[in-house]
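The values are calculated or read from the model by the stated rules, or taken from the named source; none is laboratory data. Everything numeric in this text was worked out from a predicted model, so none of it was measured. No Cβ is skipped: glycine too gets one built from the backbone with ideal geometry, and neighbour counts run over all protein chains shown. Surface accessibility is based on the protein's heavy atoms, side chains included, excluding ligands, DNA and RNA. Shrake-Rupley method; radii C 1.70, N 1.55, O 1.52, S 1.80 Å.
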Number of protein chains: 4
Amino acid sequence: MPVTREQQAEIEAQRAQTASTRRVTVAELEDILYQPVPVLDHGFVRVIDYMGDDAAVVQAARVSYGKGTKKVSEDAGLIKYLMRHWHSTPFEMCEIKYHVKLPIFVARQWIRHRTANVNEYSARYSILDKEFYLPSPEHLAVQSAQNRQGRGEILKPEQAHRVLNLLREDAERCYGSYQDMLNEDEKGNVVDDEKQGLARELARMNLNLNFYTQWYWKTDLHNLMNFLRLRADAHAQYEIRVYADAMMDSLKRWTPLTYAAFVEYRQGAAHVSATGLAIIKRMLDGDKVTQENSGLSKREWAELMGVLGRTA
Amino acid sequence: MPVTREQQAEIEAQRAQTASTRRVTVAELEDILYQPVPVLDHGFVRVIDYMGDDAAVVQAARVSYGKGTKKVSEDAGLIKYLMRHWHSTPFEMCEIKYHVKLPIFVARQWIRHRTANVNEYSARYSILDKEFYLPSPEHLAVQSAQNRQGRGEILKPEQAHRVLNLLREDAERCYGSYQDMLNEDEKGNVVDDEKQGLARELARMNLNLNFYTQWYWKTDLHNLMNFLRLRADAHAQYEIRVYADAMMDSLKRWTPLTYAAFVEYRQGAAHVSATGLAIIKRMLDGDKVTQENSGLSKREWAELMGVLGRTA
Amino acid sequence: MPVTREQQAEIEAQRAQTASTRRVTVAELEDILYQPVPVLDHGFVRVIDYMGDDAAVVQAARVSYGKGTKKVSEDAGLIKYLMRHWHSTPFEMCEIKYHVKLPIFVARQWIRHRTANVNEYSARYSILDKEFYLPSPEHLAVQSAQNRQGRGEILKPEQAHRVLNLLREDAERCYGSYQDMLNEDEKGNVVDDEKQGLARELARMNLNLNFYTQWYWKTDLHNLMNFLRLRADAHAQYEIRVYADAMMDSLKRWTPLTYAAFVEYRQGAAHVSATGLAIIKRMLDGDKVTQENSGLSKREWAELMGVLGRTA
Amino acid sequence: MPVTREQQAEIEAQRAQTASTRRVTVAELEDILYQPVPVLDHGFVRVIDYMGDDAAVVQAARVSYGKGTKKVSEDAGLIKYLMRHWHSTPFEMCEIKYHVKLPIFVARQWIRHRTANVNEYSARYSILDKEFYLPSPEHLAVQSAQNRQGRGEILKPEQAHRVLNLLREDAERCYGSYQDMLNEDEKGNVVDDEKQGLARELARMNLNLNFYTQWYWKTDLHNLMNFLRLRADAHAQYEIRVYADAMMDSLKRWTPLTYAAFVEYRQGAAHVSATGLAIIKRMLDGDKVTQENSGLSKREWAELMGVLGRTA
């Protein structure tokens, strides 16, 4: 359960309030507004606010006075055109804000996307909760032999058991020391009058990278898609990909035409190099092209054949 | 009249539409949503959309689950604290989108604020209207003798008359040539079958810098205040300051607590140098400080005395 | 001649000075340092400074202590890998600074690339020279019938003659009025004691968009390539493409391995949509695919056939 | 010793190489180029590369052809003017690149400065060394009673001893588990053939936030000063302030005129609110102003009196 009962009550209270607005609204996204979507064992993603919709992309592209949309089919065509030709500025005219709870090592990957606004929970100011990420056994895998940045096969059960015990015991112990050093309970009361409480900004350094933090994260539609292109991808680490997958759903609800164009021209598309294009042309001309006569390295050849759905 | 009758009708139609939303709304800003505020002789600023309010700043600073606001007085105190200590990220959590019509030479100053999203009307793609800025006589001034970037006294009536004639005649003539080169009327029909129409992306180069362009401009609350701090300031050129002044009103409607803190800690505040502080301390101690014994140049001394409301 | 004799003398003086440095240096780029490369009729691009080289990209990717390069072949391989997989941050570790003289309408396109540092010559502060862009007749073309943002066939000689006369006369006249309003000659002396000189920040609005301005423009290697990908491209307007072409040469001198990877994976590459990939697979399987049974619009089909070098 | 003998040898080798360049060079900065400045117990900062100098700031402000500097006194005056009036773009024309080794919890603060380029050592790809930060006893302090984000008095010796033991034992143990899960020694060899080695991207989550990471960090002179203004400040956490202090020295070597202006107009300066200015005016007029009749809260009053060097 990623949120407490009190937190869920606050969320419900906010969901219950409605107001009238002249702004564009998106009913499909309003349906899930504020509601946390669980991710990993204690994390979540929830949409806090949004600005604009598919029509706002069209409106900005046309710099129009009115709503900028006559027919959905025209909007879809223009959005596809903008996406195909990498016209990014109209997509920057929509904005979305998330509240995310995530392990610190995931936060450290995420923050590298700089074109976003972030407010993180401060462990200088407040005490972090005792919540840490433990992978489920099916996500514990060996180091990949092919890809130095990836995972290989799943650990055998007893190996997984051993790893999970280490992770759990170390996190438990480190949190215990954290509390001991702080000499405060969760309500901020002194535990032991004989001991001095270490400053929070120092004590936090004893926590492990799998402890959860949380932040508000706001970005525009263009940069959201940049994030999703890299993170909702098979090469992304599983622990960040599950967040991106949850956000793909919010993208689909929010801007369905943009979502469709994103799938067609980004997620399902491929970038083919100059040499790759020349190879495809030769193949279409009936040439028998092999890795050896292709001009590509083995790795690039395998990547190209993968894109073309052919066995290397 | 900065918009045509058709444009005003489109605006009215959009203002008439309302929807129910779970998002935070700001009634004072909804009141003027979409409505153009006239600026200069043919320009305007209008708010197209917004995200967040004062409470959203507080909510982000606290990374809270609920609305993040118990009492207005607490919110005001926290917002003042954030502004005073230059904590900018919570203010980045609110976003606003404007539609602006403005002379090209103003647009060229404005665009230097890079942390914003922009979609400008394309003169490669479309034909610009015949609308150019002519200052009113009371804004025609001589080059300042003191400040190489500023204006001095107002032109005498016959001089102003001469200048306005030059500006008007040159703009009229250049627009005439623009149409002649395009060989198109406003509806895109060929005017003279004997002539070839020059590409729009070329013909536009004949227009003067006082012709109007327009754009959608979106930024966050923090960067909006950066813009206003520089442009709603006595040192800014009059022709951009009037836009900033109109936007100050939307800031006040949108986030009144932030607006008050902005006036207190930015617009009405002063940055005093190390030497300036030492001088103030000496003055408070009863020393007689003069420019000569101050360690400041004449210019800096005059600036400091200006800040302290004393005659230099 | 894009620079005056005095300016060329200043440039020569700076080129004549050398110093010893421990920093990485690139002899090929030093050869042209400070030297203006003429562009259009009065413009230029010149490299003013640079930081890093191909090895610095590798060094950053490896976060290494030493120079980070053992063999050129390894560096080339890593740079190709980074480019192929869109790992942009190592390329951000190199920086280049240009001085550019360019028509204002080109500057207005260029400035839309926001991830760069810019200092532009101020016409609020100084008087602009009488230099404006006149296209050569072979670059005067009609509006394209196919592409609303492009050019079609070249104007006939007498039509070109007519257009050039309009451009020249209007620019001459507007500059004359500019001087008249300023009431200053080029040295800043008052021309006519009977007249008041209009403030520079106002007078400049009478200039046409083909007048030349200049700026210092600094960016990192990654963002330089983003600029070149869009502007050294057949779809870019000719008047900005010639600047990008000149900068391609500096890229080649500065970071030859990165340049080669850029040509292979960006300039000469193609982005193929999900549907496009499915079509290529069908074609490779021997299916007869036509636009009608492809699932693509006529326009997209033509684009895909263009990429594959097949007649649509 | 923050670097190994091999690393120091690589550094020495690079320092020994010199080349001739036409670029501006700064001898004072060249003196320390590549040389690590030790920070905390295992960290360092070292300058890897730089572009520009004080004269380059002036040159950009003037958009000049030559070196842009006639007399040092004029340059100093212009730089002071630019700093005083918040003209930031000329300072953006200089660039500096650092290699930094720092604890992860410090890196997490640092990365919030988004206008910079970063390449961090990847613990997905490589194994982190066994190096973690242990504060020296004089930097172990209790939570501040006044400031929820700060430290109070120093811990008593036996309390400091207790805290250091907890930090050391937990870090030792967590690193041991990390190695155990990886089943690799430092050279990447398998330790125990019976065990499966967990993927690096997973094992890293067991490390504590006081383990060291390292990165290349590049920024421009303007944004470097933004960083230093916040981090070389008494309110910054000690563990990041020591890095900023070391970087202040490189700023002084690199651009001494800018450094002096930074100290005068940023570090030693104060921002006084509208109400604060009114109070100073009253005090200068001889009024007896107290917190009660000042219109300021107790906290703000104390801040203002601190700035004015008066006891509240």
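Among the residues of region C:264-272, are any farther than 22 Å from residue B:107 by Cα, surrounded by fewer than 18 Cβ atoms within 10 Å (Cβ to Cβ) and β-branched (Val, Ile, Thr)? No, that holds for no residue. If you take the residues in region A:26-58 that are surrounded by fewer than 19 Cβ atoms within 10 Å (Cβ to Cβ), out of contact with any Leu (no Cβ under 9 Å at 6 or more places or on another chain) and not hydrophobic (A, V, I, L, M, F, W, C), which one is farthest from the other protein chains (Cβ to nearest Cβ)? That would be A:38. One residue alone among D:14, D:8 is under 24 Å from residue D:107 (Cβ atoms) and either within 21 Å of the chain's Cα centre (by Cα) or open to solvent by less than 60 Å² (accessible area, probe 1.4 Å) (or both), and that residue is D:8.
Just one residue in the set B:275, B:290 is facing chain D (nearest Cβ under 10 Å) and open to solvent by 30 Å² or more (accessible area, probe 1.4 Å); that residue is B:275.
Restricting attention to region B:1-22, the residues that are in a loop (DSSP other than H, G, I, E, B) and within 22 Å of residue B:217 (Cα to Cα) total 4. When residue A:281 is tested against (1) under 20 Å from residue C:77 (Cβ atoms); (2) open to solvent by 50 Å² or more (accessible area, probe 1.4 Å); (3) within 9 Å of chain C (Cβ to nearest Cβ), just one condition goes unmet, and that condition is (1). Being farther than 27 Å from residue B:41 by Cα, free of Cβ contacts under 8 Å to residues at least 24 places away in the same chain and buried (at least 19 other Cβ atoms within 10 Å of the Cβ) is true of residue B:63. Criterion applied to B:228, B:304 was being closer than 23 Å to residue B:117 by Cβ, modelled with pLDDT of 95 or more and surrounded by 17 or more Cβ atoms within 10 Å (Cβ to Cβ), and the one residue passing it is B:228. Applying the set (1) aromatic (Phe, Trp, Tyr); (2) over 22 Å from residue A:111 (Cβ atoms); (3) within 14 Å of chain C (Cβ to nearest Cβ) to residue D:178 leaves exactly one unmet item: (3).
This table checks each residue for (1) touching a residue at least 40 places away in the same chain (Cβ under 8 Å); (2) part of a helix (DSSP H, G or I); (3) touching a Lys or Arg at 6+ places or on another chain (Cβ under 6 Å); (4) under 18 Å from residue B:264 (Cβ atoms).
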site	(1), (2), (3), (4)
D:253	yes, yes, no, no
D:261	yes, yes, yes, no
D:264	yes, yes, no, no
D:275	no, yes, no, yes
D:282	no, yes, no, yes
D:289	no, no, yes, yes
D:299	no, yes, no, yes
D:310	no, no, no, no
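Note down all Cβ pairs under 8 Å where the first residue falls in region C:1-16 and is at the interface with chain D (Cβ under 8 Å from one of its Cβ atoms) and within 15 Å of residue C:48 (Cβ to Cβ), the second is surrounded by 15 or more Cβ atoms within 10 Å (Cβ to Cβ) and among the basic types (Lys, Arg), and they're at least six residues apart or on different chains. Pairs that qualify, where the first residue is at the interface with chain D (Cβ under 8 Å from one of its Cβ atoms) and within 15 Å of residue C:48 (Cβ to Cβ) and the partner is surrounded by 15 or more Cβ atoms within 10 Å (Cβ to Cβ) and among the basic types (Lys, Arg), are C:10/D:67; C:11/C:46; C:13/D:67; C:14/D:22; C:14/D:67; C:15/D:22.
If you go through region B:233-263 and keep only what is crowded, with 21+ Cβ neighbours inside 10 Å and modelled with pLDDT under 95, you end up with nothing. On the basis of being within 12 Å of chain B (Cβ to nearest Cβ), open to solvent by less than 10 Å² (accessible area, probe 1.4 Å) and either farther than 25 Å from residue C:227 by Cβ or part of a helix (DSSP H, G or I) (or both), does residue A:79 make the cut? No, not satisfied. Does residue B:203 satisfy being within 29 Å of residue C:212 (Cβ to Cβ) and either within 12 Å of another protein chain (Cβ to nearest Cβ) or touching a helix residue (DSSP H, G or I) at 6+ places or on another chain (Cβ under 9 Å) (or both)? Judged against the criteria, residue B:203 is a match. Comparison of B:224, B:140, B:228 shows that the only residue that is within 8 Å of chain C (Cβ to nearest Cβ) and either aliphatic (A, V, I, L, M) or farther than 27 Å from residue C:180 by Cα (or both) is B:140. Only a single item in (1) at pLDDT 95 or above; (2) crowded, with 17+ Cβ neighbours inside 10 Å; (3) under 21 Å from the mean Cα position of the chain (by Cα) is not met by residue A:136, and it is number (2).
If you go through region D:189-199 and keep only what is open to solvent by less than 80 Å² (accessible area, probe 1.4 Å) and either among the aliphatic types (A, V, I, L, M) or within 10 Å of chain A (Cβ to nearest Cβ) (or both), you end up with D:195, D:196, D:197, D:198, D:199.
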